[in-house]
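One structure is given below, encoded as structure tokens.
Please treat every number below as a calculation from the coordinates, not as lab data. Keep in mind the model is a prediction, meaning the values are calculated, not measured. Virtual Cβ from ideal backbone geometry, glycine too; neighbours counted across all protein chains shown.
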Amino acid sequence: MPQYKLTYFDLRGLAEGARLMFHYAGVPFEDVRITREQWPQIKPTTPFGQVPVLSVDGHEIAQSAAIYRYLGRQFNLVPKCPIEEAMVDAIYDAHKDFYNEVKDFIIVVAGFKEGDKDKLLKEVFLPGRDKYFGYLKKHLEKSDGIHLIGKVLTWADIAIAGNLYTMQGFAPSLFDGFPEVKKLQKLTFIVMMPQYKLVYFNLRGLGEGARLLFHYAGVPFQDVRIPLEQWKDIKPCLLYKLFSLSSTPFGQLPVLHVDGKQIAQSAAIYRYLGRQFKLVPSCAIEEALVDAVYDAFKDFHNEILPYFVVAAGFVKGDKEKLLNDVLHPAKKNYFGFLKQHLARSDGIHLVGKSVSWADIVIAENLHVIQGLAPSLFDEHSEVKKFSDEIYKLPTLQKYLNERPFLAT
């Protein structure tokens, strides 16, 4: 297999289409993301003073469209019919014309230069969109309504869907009046999406954090819930085969299956989904802080486990004694650290000012613990506020309102 290296800024922009193709094809590549501070030194070394640049075994390919076409041919994302292949080229070239037509609006909204955003939206972006989307609708009517040309996924479907997804972030009204184009963009992403299967008990426990991450991101997954009483048979891979799954990697659940590959250990699953769903900070230091905050939560959870298993009814014990001798001292210590993190951020997120996978997972676990210890948040209003605010995230509401009641 060739050695691929893709160089671009730490943005979606003109490189995201190529990144999506690599991920769709399951082909490894080096994703080099440079800073604007590095660009003046790198620029003279590029073929045309521009990025992206794709390096293939040391050979450099510049220009985004040339990169997309090359990857399309490599990954069998071009039609077999030469006429249809030319039509794919044409439709992407039309997309480039549209992008150039609305570029003045995008660079203002993206903050690269100053300008009248509302004026550019009305006078530049919306007229350009109306014209281009009119052409897209005609192509969709001639095909199957899902692909722009023919009835198979092409590199242009992927590149255009990725670009439209980015544009919608700048102009939320992008698809207003054009449900056919929105359907194209949405279905293209679904076709490209990995097939996820999460296996856990019919409990919240260590699986619910992953479930919430899927629902927050709006990503479909198969939610396999195994009754506890069947675990002794499933663990050694006897009854497990009834679920069309192979044995568990470490004799434990949860296990996440991604296109047939297994990921075990809840923290590894959370971190993987966090990266997939852009729920990690862009700053490497802040990403490490998110990891650290969750690892500290794991320490807290392990410390209070003797109380937790008694309160949940898994083993017998003196619940009140464990509450006073185990949970309250551990809570006081851990919540002190949490409050320090919240004070350094915005009071709603544990690190920075945007939601991370750790925010969602920790908030969920705190809700479970509160169900077993109603006094959990007493004298810790800042931690309660954090947990409650995360639970108010709009994309979680449908699942939270409809999920069956499970105490643990």
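Some values worked out for this structure:
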item: Test item: Cα-centred dipole of the chain, Lys/Arg +1 and Asp/Glu -1 on Cβ, debye; result: 560 debye
item: Per-bin percent of Cα-Cα distances, the stretch 4-74 [10 Å]; result: 20, 59, 19, 1
item: Bridge type composition, the stretch 4-74 - antiparallel percent by DSSP, nearest 5; result: 60 percent
item: Within the stretch 82-192: Cβ-based charge dipole about Cα centre, in debye rounded to nearest 20 (Lys, Arg +1; Asp, Glu -1); result: 260 debye
item: Cross-link pairs beyond the 22 Å C-alpha cut-off, checked among K298/K331; K353/K392; K278/K385; K103/K278; K332/K384; K321/K392; result: K278/K385; K103/K278; K321/K392
item: Most mobile of A288, A110, A94 in a GNM of the chain (Cα contacts under 10 Å); result: A110
item: Relative packing of peptides 199-208, 97-106 - highest average C-beta neighbours within 10 Å first; result: 199-208, 97-106
item: Convex hull volume per residue for the stretch 82-192, taking Cα atoms only, in Å³; result: 93 Å³
item: Helix 82-109 vs. the chain, principal-axis angle (Cα, 0 to 90°, nearest 10); result: 70 degrees
item: Under 19 Å from K137, Cα to Cα: lysines that are on another chain or at least 8 residues apart; result: K96, K151, K182, K183, K186
item: Dipole moment magnitude, nearest 20 debye, the stretch 290-408 about Cα centre, only Lys, Arg, Asp, Glu C-beta charged; result: 140 debye
item: Pair I42, K339: separation of 7 Å Cα→Cβ label points (nm); result: 4.4 nm
item: Rounded to 5, percent antiparallel among DSSP beta bridges of the chain; result: 60 percent
item: Trypsin sites (Lys or Arg not before Pro) within the stretch 295-331, DSSP loop, no more than 12 other Cβ atoms inside 10 Å; result: K316
item: Between helix 381-391 and the chain: long-axis angle, C-alpha atoms, 0 to 90°, nearest 10; result: 50 degrees
item: Crossing angle, helix 208-217 versus the chain [Cα axis fit, 0-90 degrees, rounded to tens]; result: 30 degrees
item: Per DSSP, loop trypsin sites (Lys or Arg not before Pro) in the stretch 6-40 with at most 14 further Cβ within 10 Å; result: R36
item: Loop chymotrypsin sites (Phe, Trp or Tyr not before Pro), the stretch 247-307, which have at most 12 other Cβ atoms in a 10 Å radius of their Cβ (DSSP); result: F250
item: Extension gain from Y135 to V219, taking 0.36 nm per residue of separation minus the Cα-Cα distance; result: 27.3 nm
item: Alpha-carbon centroid distance for the pair the stretch 1-58 / the stretch 352-392, whole angstrom; result: 39 Å
item: Proxy reagent accessibility, fewest Cβ within 10 Å first, across I42, I160; result: I42, I160
